[in-house]
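The values are calculated or read from the model by the stated rules, or taken from the named source; none is laboratory data. The shown structure was predicted, so the numbers you read here are calculated from the model rather than taken from an experiment. Backbone-built Cβ (ideal geometry, glycine too); neighbour counts: all protein chains shown. Just the protein is used for accessible areas: all its heavy atoms, side chains included, with ligands, DNA and RNA removed. Shrake-Rupley method; radii C 1.70, N 1.55, O 1.52, S 1.80 Å.
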Amino acid sequence: MAHVEGTLGTLYDEVLRRNPGETEFHQAAKEVLDSLAPVVSKHPEYVDAAVIRRLCEPERQIIFRVPWQDDDGNVQLNRGFRVEFNSALGPFKGGLRFHPSVYLGIVKFLGFEQIFKNSLTGLPIGGGKGGSDFDPKGRSDGEIMRFCQSFMTELYRHIGEYTDVPAGDIGVGGREIGYLFGQYKRITNRYESGVLTGKGLTWGGSQVRTEATGYGAVYFLNEMLKTQGQSFDGKRVVVSGSGNVAVYATEKVEQLGGTVVACSDSSGYVVDEKGIDLELLKDVKERRRARIDVYAAERGAIFVPGGSVWDVPCDIALPCATQNELDGDAADRLIKNGTSYVAEGANMPCTPDAVKLFAEAKVHFAPGKAANAGGVATSALEMQQNASRDSWSFDYTEDRLADIMRGIHDRCLETADEYGSPGDYVTGANIAGFIRVANAMLALGVV
């Protein structure tokens, strides 16, 4: 085992050397590589055929400029990215993120995570990710449309329903997907609806896609609770964020009997002991695009500017905002306040220190590549409907989503047991996701 760990350590050193300065990608790669020693001991062919080395190197990295005009006629310039990481299981699949923090390292971390997340769904989709350092906050609809059109004017030549299928992520919702798809259709003169997912219901979208990531995380968490003979009934839940994932995670928690008592945005957090009023939250965040303090004022809830939502005592924590939002100090406070379950609704929202503390305290922890796979799973279901020119009902699609999340949960537990880490969802998710991709790569040869 020491020899194997040394080999994996050498591979990680190579990742650091070949990708300088990309700290989020380094973090994501280390988290997976740290789990693979028992797999490599059992299957040395994964090292012999350089599967792990190849897995850590994207098939393609695309960086391009995105010029556009603002409402005052000034020319603005942003940078666009698409990292097509691995297509051994199917076309590249993963979202687009529009946020000022976006740079190559973040896109690569997201794309790397997406490989394993997509593998865990059991569906035929590879891993990729993209985005831009464009900030949609405070921009008019016209400015966002012009940016999206310029972005797609380059991106269109790299994507396709059998090649690479983007979707939304932070800063990219139904409005942005609409502008992107409109420009793709205009340039290509094809109604290739399977080229983007997260579309509107009247033009090729899928029921449940809007709700899928939040719903999926809660379905996964519900299976975790069941393994301990528990349910959501009477549970206090804290959700970070108040965007798409947080809103629909809150909705499903409430449907299953739990009470979400706090949520947040970049300005601070609200504590609502009566339980978050979902309709008011949706109105404030989705329709009015206002800050969370507006919800607090209209609801009569407590607004805390800045600070950490993880100061609020809870049984269950659902980090649904962004990467590395929950650090070791926050994890320590959650543990002291009696939190028993944490499920990542966002991509890698918990730092390595936080994950380590949860493990030591025996907090049941679900990593994002498993718990938040509901979004991409439903994107794949949208692709199925587009390919067959079909449209499914909400209930049927939600049932499919629930089945997929139960399957991911069970696959993680069974794999963790098989490789000597019973109950460890991190190890189970990493190994189960890895094996399916690695076997496909072996089958396809050195490509």
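Taking each residue of region 80-95 that is not assigned by the TED database to the domain that holds GLY128 and looking for partners that are part of a strand (DSSP E or B) and hydrophobic (A, V, I, L, M, F, W, C) with beta-carbon atoms closer than 8 Å, six or more apart or interchain, yields nothing.
Taking the criterion of being assigned to a helix (DSSP H, G or I), open to solvent by 20 Å² or more (accessible area, probe 1.4 Å) and at pLDDT 95 or above, the residues of region 224-247 that qualify are LYS226, THR227, VAL245.
Taking the stated definitions as given, is ASN439 within 24 Å of TYR46 (Cβ to Cβ), crowded, with 24+ Cβ neighbours inside 10 Å, not assigned by the TED database to the domain that holds PRO349 and not small (Gly, Ala, Ser)? Give the derivation first.
Values: within 24 Å of TYR46 (Cβ to Cβ): yes; crowded, with 24+ Cβ neighbours inside 10 Å: no; not assigned by the TED database to the domain that holds PRO349: yes; not small (Gly, Ala, Ser): yes.
Against the criterion (within 24 Å of TYR46 (Cβ to Cβ), crowded, with 24+ Cβ neighbours inside 10 Å, not assigned by the TED database to the domain that holds PRO349 and not small (Gly, Ala, Ser)), ASN439 does not qualify.
Only one of CYS320, CYS263 is assigned by the TED database to the domain that holds PHE365, closer than 19 Å to PHE365 by Cα and touching a strand residue (DSSP E or B) at 6+ places or on another chain (Cβ under 8 Å); which?
Of CYS320, CYS263, the one residue that is assigned by the TED database to the domain that holds PHE365, closer than 19 Å to PHE365 by Cα and touching a strand residue (DSSP E or B) at 6+ places or on another chain (Cβ under 8 Å) is CYS320.
Suppose the filter is more than 23 Å from VAL237 (Cβ to Cβ) and either assigned by the TED database to the domain that holds ALA28 or crowded, with 24+ Cβ neighbours inside 10 Å (or both); does GLU382 pass it? Against the criterion (more than 23 Å from VAL237 (Cβ to Cβ) and either assigned by the TED database to the domain that holds ALA28 or crowded, with 24+ Cβ neighbours inside 10 Å (or both)), GLU382 qualifies.
Just checking, does region 293-310 include any residue being within 29 Å of GLY95 (Cα to Cα), surrounded by 24 or more Cβ atoms within 10 Å (Cβ to Cβ), touching a Lys or Arg at 6+ places or on another chain (Cβ under 8 Å) and not assigned by the TED database to the domain that holds ARG175? Checking region 293-310: at least one residue is within 29 Å of GLY95 (Cα to Cα), surrounded by 24 or more Cβ atoms within 10 Å (Cβ to Cβ), touching a Lys or Arg at 6+ places or on another chain (Cβ under 8 Å) and not assigned by the TED database to the domain that holds ARG175. For region 1-37, filtered to residues that are farther than 25 Å from PRO349 by Cα and hydroxyl-bearing (Ser, Thr, Tyr), the residue that is modelled with the highest pLDDT is THR10. Evaluate region 326-333: report whether one residue or more is in a helix (DSSP H, G or I), surrounded by 15 or more Cβ atoms within 10 Å (Cβ to Cβ) and within 20 Å of the chain's Cα centre (by Cα). Within region 326-333 (the criterion being in a helix (DSSP H, G or I), surrounded by 15 or more Cβ atoms within 10 Å (Cβ to Cβ) and within 20 Å of the chain's Cα centre (by Cα)), the answer is no, since none of the residues qualifies. When PHE85 is tested against the conditions (1) in contact with a Pro (Cβ under 6 Å, 6 or more places away or on another chain); (2) open to solvent by 60 Å² or more (accessible area, probe 1.4 Å), the lone failure is (2).
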